[in-house]
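Structure, as structure tokens:
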Amino acid sequence: MISVQLISGDMTVGADGTVTAIDGDRIYAFGHRFLSEGSTDMPFARADVVALMPNLTSSFKISTAREWMGTITADRDVAVSGLIGRQASLVPVEIRVGPNTYRMRMVQDRVMTPLLMQMALFSAIDATERSVGGETYSIRGQLDFDGGAVHIDDVYSGDVGVAVLASGGVASPVAYALQ
């Protein structure tokens, strides 16, 4: 098994699948497409199956990622393929909520990165702050690019779903910047 690591670090998001073949330093896995990305640059790690959950309609495996192995370079209809030992280009992310700091790295992809950023920010707020009653979040951030930085500075307040609004407010400029 391998685990394609979309986010790694203090938070982890991955998609695990079966290895089909290894040919030298090239690996083929899943036996189907993952996201239909075509050419891509996503890290993968070895994965271990912890448990099998049998079900007549939809069986699944519970697995966990282990050590880094390489990079998925192609996501096609019949498989994902990659190179063992190659490093993927990842985006470093640091999220501070109250006294807690969450550090992670995520894939650099114009479609996936905004969604992953929104998930990470929402999860950080949800894990750190209360989720019922009046809330106010001051969001300050910076997206660093070769040509300069994009600053994010906004305040979100309300009684319901404020963490969702705040995390969406960060995902939108990330999506625009990557387009």
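Taking the chain as a Gaussian network of alpha-carbon nodes connected by springs under 10 Å, the highest mean-square fluctuation of the residues Gly17, Gly31, Gly148 belongs to Gly148. A Cα-only calculation for segment 26-89 places Rg and Dmax at 13.2, 40 Å. Look at the dipole of segment 104-160 built from charges on Cβ: of Val160, Leu121, Val132, the Cα furthest out on the positive end belongs to Leu121. Counting only protein heavy atoms and a probe of 1.4 Å, the accessible surface of the chain is 52% carbon and sulfur.
The alpha-carbon positions of segment 1-107 define a convex hull whose volume is 126 Å³ per residue. The Rg/Rh ratio of the chain, with Rg taken over Cα atoms and Rh as the Kirkwood radius over Cα pairs, comes to 1.02. Cα centroids of segment 111-179 and segment 1-80: 28 Å apart. Computed over protein heavy atoms with a 1.4 Å probe, the accessible surface of the chain works out to 57 Å² per residue. Relative to the dominant Cα principal axis of the chain, helix 112-128 is inclined by about 60°. Entry note, the chain: the mean residue ellipticity at 222 nm calculated from DSSP H runs of n ≥ 4, each adding -39500 (n - 2.57), is -6500 deg cm²/dmol after division by the residues and rounding to the nearest 500. For segment 70-158, the Kirkwood radius over C-alpha pairs fed into Stokes-Einstein at 37 °C and 0.692 mPa s yields D = 210 µm² per second.
The values are calculated or read from the model by the stated rules, or taken from the named source; none is laboratory data. Treat the numbers as computed from the prediction; the structure is a model and nothing was measured. When we count neighbours, we look across all protein chains shown, and the Cβ atoms used for this are built from the backbone with ideal geometry, even at glycine. Heads up: the accessible areas ignore ligands, DNA and RNA and are worked out on the full protein's heavy atoms, side chains in. Shrake-Rupley method; radii C 1.70, N 1.55, O 1.52, S 1.80 Å.
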